[in-house]
1. All but one of (1) farther than 30 Å from Ser169 by Cβ; (2) not in a loop (DSSP other than H, G, I, E, B) hold for Glu6; state the number of the condition that does not hold.
2. Scan segment 113-125 and tell me whether some residue there is more than 11 Å from the chain's Cα centre (by Cα), basic (Lys, Arg) and not assigned by TED's automatic domain parsing to the domain that holds Cys196.
3. Pairs please, first residue from segment 127-144 and open to solvent by less than 30 Å² (accessible area, probe 1.4 Å), second anywhere and in a helix (DSSP H, G or I) and hydroxyl-bearing (Ser, Thr, Tyr), Cβ atoms under 6 Å, 6+ apart in sequence or on different chains.
4. Return the residues of segment 94-126 that are surrounded by fewer than 17 Cβ atoms within 10 Å (Cβ to Cβ) and touching a Gly at 6+ places or on another chain (Cβ under 7 Å); say none if nothing qualifies.
5. Restricting segment 176-208 to residues that are farther than 14 Å from Ile8 by Cβ and surrounded by 19 or more Cβ atoms within 10 Å (Cβ to Cβ), which is farthest from the ligand (Cβ to nearest atom)?
6. In segment 145-164, how many are surrounded by fewer than 20 Cβ atoms within 10 Å (Cβ to Cβ) and either under 19 Å from Glu200 (Cα atoms) or of a type in the set (A, V, I, L, M) (or both)?
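The values are calculated or read from the model by the stated rules, or taken from the named source; none is laboratory data. Since we're looking at a predicted model, the values are computed, not measured. In this analysis, Cβ positions are derived from the backbone assuming ideal geometry, glycine residues included, and neighbour counts consider all displayed protein chains. Heavy atoms of the whole protein, side chains included, go into the accessibility calculation; ligands, DNA and RNA do not. Shrake-Rupley method; radii C 1.70, N 1.55, O 1.52, S 1.80 Å.
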Amino acid sequence: MDTKTEKILNGLAELYPDAQPALKFKSPYELLVAVILSAQCTDERVNKVTEELYKKYNTPETMSTLTQNELEKYIFSCGFYRNKAAHILSASRDIIEKFGGEVPASLEELRTLAGVGRKTANVVYAVAFGGDAIAVDTHVFRVSNRLGIAEGKTPDKVEDGLCAALPQSEWSKAHHYLIYHGRRVCHSQRPACEECTLKELCKYYNEK
Ligand code: SF4
């Protein structure tokens, strides 16, 4: 890790020592469904929806008893509910048919699940199974580019850059730090650069 990246990582660790996922879950399957629902939606909203949904449907088997329409009614308020319902149902079927009803614990197998994209697989692998992975969501993408620790025009490119720039043992923590910084300081529209303790190290700030 180069000195500047190390300073940024240490700065983020100081700011967010308790960084952890905001989604509520009690099993890898619950996390998987919550992550699918969280695309373009706040974690607070997802937690409200899953609190109700998981009272009866918190396993691939019970979820698969729902029709697409029935599931849509539960998750409507998360947005993109048609696609999300289809993805949840297809992933649930795959988990039952290919993995005996258990969410697979390897990144390669998670990525084979229907309806599960790379970002979702990475989050589940890192958070539910303690694996080393960096999921690049909108916050991670923006903050990494601005700070200059990993630049790229696509999430995959930024993920590759972060994996190359950071030691593997830091990947999962860095993912949470960058999300926190994006939510609290480095906002999409108006980043609070003057209050940001990382501004001396930030490419975007220093080029402005
Ligand atoms: S200085 Fe500004 S752009 Fe850079 S990380 Fe901080 S808030 Fe984001």
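1. Exception for Glu6: condition (1).
2. Scanning segment 113-125, I find no residue that is more than 11 Å from the chain's Cα centre (by Cα), basic (Lys, Arg) and not assigned by TED's automatic domain parsing to the domain that holds Cys196, so the answer is no.
3. If the second residue must be in a helix (DSSP H, G or I) and hydroxyl-bearing (Ser, Thr, Tyr), the pairs left are Gly131/Tyr125; Ala133/Tyr125.
4. Selection gives nothing.
5. Across segment 176-208, the extreme among qualifying residues is His176.
6. 4
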